[in-house]
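Here the structure comes first, spelled out in structure tokens, and everything after it is commentary.
The values are calculated or read from the model by the stated rules, or taken from the named source; none is laboratory data. As the structure is a computational prediction, the values presented were derived from the model and not from experiment. In this analysis, Cβ positions are derived from the backbone assuming ideal geometry, glycine residues included, and neighbour counts consider all displayed protein chains.
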Amino acid sequence: MTADLYATATGLIERSAAAYAAGVPEGARDNGFFGPASVTWRVNAGLASPVAGLRSLLMQALHPLAMAGVDQHSGWRRDPVGRLAATSAYLATITFGERAEAVRAAARVRRIHDRVRGTDAVTGQPYAAGDPGLLLWVHAALVDSVVAAASLVGTALAAGDSNSYVAEMVAAAELIGVPRPLVPSSVPELDLYIASVRPGLRCTPAAAGSMACLLDPPGLDEDTAEIWQDIRDAAVAALPRWARQMYGYSAPPLTPGRRTEIRQSLGVLDAMVLGQPGVLEARQRITLRMRAARPA
Amino acid sequence: MAGAATLLLLRRRPGRLRLDRARAALRLAARGGARYAASAPRLFAVAGERRQQLREDLALQTAEDVADTLGAMKGVMMKIGQMASYVDDGLSPAVRQTLARLQDSVPPMSPGLAAAMVEEELGAPPDRAFARWDPRPIAAASIGQVHRAVTLDGRAVAVKVQYPGIAETIAADLRNVALLRRMLRIAAPAQDADALLSEVRDRVGEELDYRHEAASQRLMAAYYDGHPTIAVPRIIDGLSTRRIMVSELSGAVRFAELASWPQHERDLAAETIYRFVFRSLYDVRAFNGDPHPGNYLFQRGGRVTFLDFGLVRHFTPAELRPLLQMARTICVEHDPEAFRASLENAGFLRPGAPVSTQAIVEHLAVFYDTIREPGPRTITSDYASSVVRRFFDVRGPVAAHIAVPRPYVILQRINLGLFAVLGELSATADWRAISEEIWPFTRSPASTPMGEAEARWLVRRQAAAA
């Protein structure tokens, strides 16, 4: 198990980086669903992404049916890195890819979702991964986490930019199969939506078990564990208090010094990603397009 | 060291095979990367027009761009990568790749950003502070870049301009001792992490304030003033500040071109470099920790211009004494027991280590190979690699008892940098005879024509001083 986890850690950087590099097109024919002037492109370039990713998994897992679908169908226990890399690849493609590519990637995911159906052992409710209600929760958890992580350890978005980001991301929800009118398109709408879902959220045994494993992967050596701890502390601190309480985590607010340390660890992690083939070139392609779109 | 950083997530506990290989591979990479990182200043233009255009399009336009590129430990990782190359040599392809990419990820400042820095530091924009200003940088430099300019009184100069805000960012990153120590443990596992850590923090800290470098360069330029073959560009005092350093521009050629010159010219250049390194150490009590080809410019007849004094360490007489004792006991007196005692005095060897003196001499003799006996010797690339290999040989009965005390950490660069350069040139000389000219305990007469010219210069120096 431990050796596998190590292999996992190795693959995580490499495979996520490869997924990212492949998702950023060369010589793009169109600007995709967001484009170089979007807030979405800008926040994706920030250091806070790993924290946003971990926080959004923590949020998503609190929905018993979303968790059951992952737990009973996804191969994540066998290949957690593959599962995470697939998600990174999907997000990179819909964010930076051409429209046709984004639509194709979304169609692939929707076909997979069609096969994911079952009954949650805890609540006894049936579920289907293609259910717009579940997809909306997964979407909202991600969008909320990106804003929260940026403000905690990244470059905080101005209020107007947060609203723009939430509005831009409606396109992502639509791609995966949520009807547009259902999707929150501003921060207040997003907050209202999350509050409305809250009564149905709970920390099921599946959520507790898989998140414990994610937050504290067994068998890490001292140096690795310390870096991982920085990312984990930030993700947990970025959660809403009620979500922390559901998991039973206690987290004192981050001091300014601790936030600096976390940013430094994220910088180290970012350098690792940058060392992977194709990543620097992909970032340069994005930077050049964003520069060209900057108002003069 | 970025490389080192790369290792963080990939490290494993001993005993698990799969990652062991990955880790070993990573280490190798970081080493190469460190060497890569250490080769600054590299010309932006070397890789051709297209790349040049790309770099200009990606140029850092604001202080925020600088922070995104070099903040959050990345600038520090690059510096540590450079320094790790003094002391360790064997990081993996993956780590090397990381360092190289990190280095590549730093584009130059845009002309506007560089001009704003000049104005902030000198109180006037570059086109008024200088008679002529080339807005295109000619080289990357330590946390900054180099522009060509002509001063108002008509001197051609090189202007080193620091990135805005970078000194504060790096200073803050250097305070995260725990993370630095973790990175160093991975980058240079065979070394004493704490000794290395303080050295890294001191040296990198000094680099943040160009006035330290200007002071070192001023000292060197003053000492070598009038030297027949050694040239150190003068600092232009009124135009040098914490974040701007202006020095005379040299019109000589780079190492790559020297390599195409006849062997006689290469030998002369090598002799000058050798004299410079050891005269600086024993007479100026200063060692430039960055002896690599990118910091040398060449003219015919052995004239070498030395650039980049950002990593100079100054020594006290007490710190130099043991080094001289070691050289004297092993090369001149051929007294193994006295050699051993001087190693112990300097802290290189644990006193009473359970190894024979003969084993110690055999282990360390390779470092003195070229100077133990008189006569011309050719320094080959093979010799340079054997020095490096021995240096990093952490196995064997002797290696376990050897440690490099902090003051001498930077001197390891002699082995890794100087001999590598001389090996690259396949340089031949009577290195022992040249050393005897320089060693304070011999001070022998000149052994070469260059030595004679140098001796005349020394006499003039003393006369001028008196």
Go through (1) out of contact with any helix residue (DSSP H, G or I) (no Cβ under 9 Å at 6 or more places or on another chain); (2) of a type in the set (Lys, Arg); (3) assigned to a loop (DSSP other than H, G, I, E, B) for B:Arg242 and report which single condition fails. (1)
Condition first: in contact with an Asp or Glu (Cβ under 8 Å, 6 or more places away or on another chain) and either surrounded by 14 or more Cβ atoms within 10 Å (Cβ to Cβ) or in a strand (DSSP E or B) (or both). Now tell me which residues in segment B:340-356 satisfy that. B:Arg350
Does segment B:328-351 hold any residues that are of a type in the set (A, V, I, L, M) and free of Cβ contacts under 8 Å to residues at least 60 places away in the same chain, and which are they? B:Ile330, B:Ala338, B:Ala341, B:Leu343, B:Leu349
If you go through A:Leu288, A:Leu266, the only one that is within 14 Å of chain B (Cβ to nearest Cβ), over 19 Å from the mean Cα position of the chain (by Cα) and either surrounded by fewer than 16 Cβ atoms within 10 Å (Cβ to Cβ) or closer than 15 Å to A:Ala149 by Cα (or both) is A:Leu288
Can you tell me which residue among B:Gln325, B:Gln358 is under 21 Å from B:Ala433 (Cβ atoms) and either in contact (Cβ under 8 Å) with a residue 12 or more places away in the chain or touching a Gly at 6+ places or on another chain (Cβ under 6 Å) (or both)? B:Gln325
Look at B:Thr329 and say whether it is closer than 23 Å to B:Phe276 by Cβ, modelled with pLDDT of 90 or more, in contact with a Ser or Thr (Cβ under 7 Å, 6 or more places away or on another chain) and surrounded by 16 or more Cβ atoms within 10 Å (Cβ to Cβ). no
Segment B:296-338, residues that are among the hydrophobic types (A, V, I, L, M, F, W, C) and at positive phi: none
Search segment A:1-40 for residues being at pLDDT 95 or above and part of a helix (DSSP H, G or I), and hand back the single one that is farthest from A:Asn163 (Cα to Cα). A:Thr40
Looking only at segment B:419-466, count how many residues are within 22 Å of the chain's Cα centre (by Cα) and either loosely packed, with under 15 Cβ neighbours inside 10 Å or not hydrophobic (A, V, I, L, M, F, W, C) (or both). 4
Which listed residue is within 14 Å of chain B (Cβ to nearest Cβ), of a type in the set (A, V, I, L, M, F, W, C) and either free of Cβ contacts under 8 Å to residues at least 24 places away in the same chain or part of a helix (DSSP H, G or I) (or both), from A:Ala150, A:Ala167: A:Ala150
Among the listed residues A:Ala238, A:Ala212, A:Ala225, which satisfies the condition of being more than 8 Å from chain B (Cβ to nearest Cβ), without any contact (Cβ under 8 Å) to a residue 12 or more places away in the chain and under 18 Å from the mean Cα position of the chain (by Cα)? A:Ala212
Residue check, B:Arg372 against (1) of a type in the set (Lys, Arg); (2) in a loop (DSSP other than H, G, I, E, B); (3) crowded, with 18+ Cβ neighbours inside 10 Å, all met but one. Which one? (3)
Quick one: how many residues across segment B:141-182 are assigned to a loop (DSSP other than H, G, I, E, B), surrounded by 18 or more Cβ atoms within 10 Å (Cβ to Cβ) and away from chain A (no Cβ under 14 Å)? 5
Would you point out the residue of segment B:115-140, among those that are closer than 25 Å to B:Leu54 by Cβ and either touching a Leu at 6+ places or on another chain (Cβ under 9 Å) or charged (D, E, K, R) (or both), that is surrounded by the most Cβ atoms within 10 Å (Cβ to Cβ)? B:Ala139
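Yes/no matrix, rows are residues, columns are (1) hydroxyl-bearing (Ser, Thr, Tyr); (2) surrounded by 15 or more Cβ atoms within 10 Å (Cβ to Cβ):
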residue	(1), (2)
A:Ala150	no, yes
A:Val153	no, yes
A:Ala158	no, no
A:Ser162	yes, yes
A:Gly177	no, yes
A:Leu182	no, yes
A:Cys203	no, yes
A:Asp216	no, no
A:Trp242	no, no
Anything in segment A:274-296 that is touching a Ser or Thr at 6+ places or on another chain (Cβ under 7 Å) and part of a helix (DSSP H, G or I)? List them, or say none. A:Leu274, A:Leu280
Check off (1) more than 11 Å from chain B (Cβ to nearest Cβ); (2) within 30 Å of B:Arg185 (Cα to Cα); (3) crowded, with 19+ Cβ neighbours inside 10 Å for A:Leu254 and give me the number that stays unchecked. (3)
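Quick grid of which residues meet (1) surrounded by fewer than 21 Cβ atoms within 10 Å (Cβ to Cβ); (2) over 30 Å from A:Arg285 (Cβ atoms); (3) of a type in the set (Gly, Ala, Ser); (4) touching a residue at least 24 places away in the same chain (Cβ under 8 Å):
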| position | (1), (2), (3), (4) |
| --- | --- |
| A:Ser38 | no, no, yes, yes |
| A:Ala52 | no, no, yes, yes |
| A:Ala61 | no, yes, yes, yes |
| A:Gly69 | no, yes, yes, yes |
| A:Arg83 | yes, no, no, no |
| A:Ala86 | yes, no, yes, yes |
| A:Thr93 | no, no, no, yes |
| A:Gly124 | yes, yes, yes, no |
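Out of the residues in segment B:408-436 meeting the condition of being polar (S, T, N, Q) and assigned to a helix (DSSP H, G or I), tell me which one is modelled with the lowest pLDDT.
Among those residues, the one meeting the criterion is B:Asn415.
Yes/no matrix, rows are residues, columns are (1) in a helix (DSSP H, G or I); (2) touching a Pro at 6+ places or on another chain (Cβ under 6 Å); (3) of a type in the set (Ser, Thr, Tyr):
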{"site": "A:Ala68", "(1), (2), (3)": "yes, no, no"}
{"site": "A:Arg77", "(1), (2), (3)": "no, no, no"}
{"site": "A:Leu84", "(1), (2), (3)": "yes, no, no"}
{"site": "A:Ala89", "(1), (2), (3)": "yes, no, no"}
{"site": "A:Thr95", "(1), (2), (3)": "yes, no, yes"}
{"site": "A:Arg104", "(1), (2), (3)": "yes, no, no"}
{"site": "A:Arg108", "(1), (2), (3)": "yes, no, no"}
{"site": "A:Ile112", "(1), (2), (3)": "yes, no, no"}
{"site": "A:Gly118", "(1), (2), (3)": "no, no, no"}
If you take the residues in segment B:60-83 that are more than 9 Å from chain A (Cβ to nearest Cβ) and not in a helix (DSSP H, G or I), which one is surrounded by the fewest Cβ atoms within 10 Å (Cβ to Cβ)? B:Thr62
Top-ranked residue of segment A:186-201 - restricted to ones that are in a helix (DSSP H, G or I) and among the aliphatic types (A, V, I, L, M), ranked as surrounded by the most Cβ atoms within 10 Å (Cβ to Cβ): A:Leu190
Test set (1) surrounded by 18 or more Cβ atoms within 10 Å (Cβ to Cβ); (2) at pLDDT 90 or above - A:Leu220 fails condition number: (2)
Pull up segment B:238-250, narrow it to residues that are small (Gly, Ala, Ser) and in contact (Cβ under 8 Å) with a residue 12 or more places away in the chain, then point me to the one that is surrounded by the fewest Cβ atoms within 10 Å (Cβ to Cβ). B:Ser250
Candidate set from segment A:269-285 (those that are in contact (Cβ under 8 Å) with a residue 24 or more places away in the chain and under 21 Å from the mean Cα position of the chain (by Cα)); member that is farthest from the other protein chains (Cβ to nearest Cβ): A:Ala282
